[in-house]
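As structure tokens, the structure follows; a few thoughts come after it.
The values are calculated or read from the model by the stated rules, or taken from the named source; none is laboratory data. Just so it is clear, the structure is predicted and the values come from calculations on it, not from any experiment. With ideal geometry, Cβ positions are generated from the backbone for all residues, glycine too; neighbour counts draw on all protein chains shown. Calculation scope for accessible area: heavy atoms of the full protein, side chains included, ligands and nucleic acids excluded. Shrake-Rupley method; radii C 1.70, N 1.55, O 1.52, S 1.80 Å.
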Amino acid sequence: QVQLVESGGGLVQAGGSLRLTCTASGRTSNYAMGWFRQAPGKEREFVASISWTGGRTVYRDSVKGRFTISRDNAQNTLYLQMNSLKPEDTAVYYCAARQSVVVIITPREYNYWGQGTQVSVSS
């Protein structure tokens, strides 16, 4: 069993930055991990994912060049550095994990989820 806890959300002005952290209770070094977000009234959507080695990353088009996903397997921690934030980035952000050697971008393929952290970007 893996338990995931997100932190680092908050309220920031447009153009600002936040760094989200996802801390796992168990060993996740052989897990693919990802970040998703859900805005009110919308479906949960893919943001970024990373392979278990950290060697491959995938991003949704709207965050490319602004967000960076990374991981520290020694610390069982996943990060999402978010720069140049926009009001449309406002959502609850979730981290997810699944034992896998490939990158996963669809929510239904993940079997472990955190409780989410709110990110609000004001214009």
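Strands (runs of 3 or more DSSP E) wholly in region 1-63 with at least 2 residues that are open to solvent by less than 20 Å² (accessible area, probe 1.4 Å) and modelled with pLDDT of 95 or more - which ones?
Where strands (runs of 3 or more DSSP E) fall fully within region 1-63 and carry at least 2 residues being open to solvent by less than 20 Å² (accessible area, probe 1.4 Å) and modelled with pLDDT of 95 or more, they are 4-7, 18-24, 31-38, 45-50.
How many residues does region 82-96 contain that are in a strand (DSSP E or B) and open to solvent by less than 30 Å² (accessible area, probe 1.4 Å)?
5
Exactly one condition in (1) under 23 Å from Gln1 (Cβ atoms); (2) loosely packed, with under 14 Cβ neighbours inside 10 Å; (3) at pLDDT 95 or above; (4) not basic (Lys, Arg) is not met by Tyr79; state its number.
The single condition Tyr79 does not satisfy is (2).
Which condition does Ser62 not pass, out of (1) free of Cβ contacts under 8 Å to residues at least 60 places away in the same chain; (2) touching a strand residue (DSSP E or B) at 6+ places or on another chain (Cβ under 7 Å); (3) closer than 19 Å to Ser122 by Cβ, if it passes all the others?
Going through the list (1) free of Cβ contacts under 8 Å to residues at least 60 places away in the same chain; (2) touching a strand residue (DSSP E or B) at 6+ places or on another chain (Cβ under 7 Å); (3) closer than 19 Å to Ser122 by Cβ, Ser62 breaks only (2).
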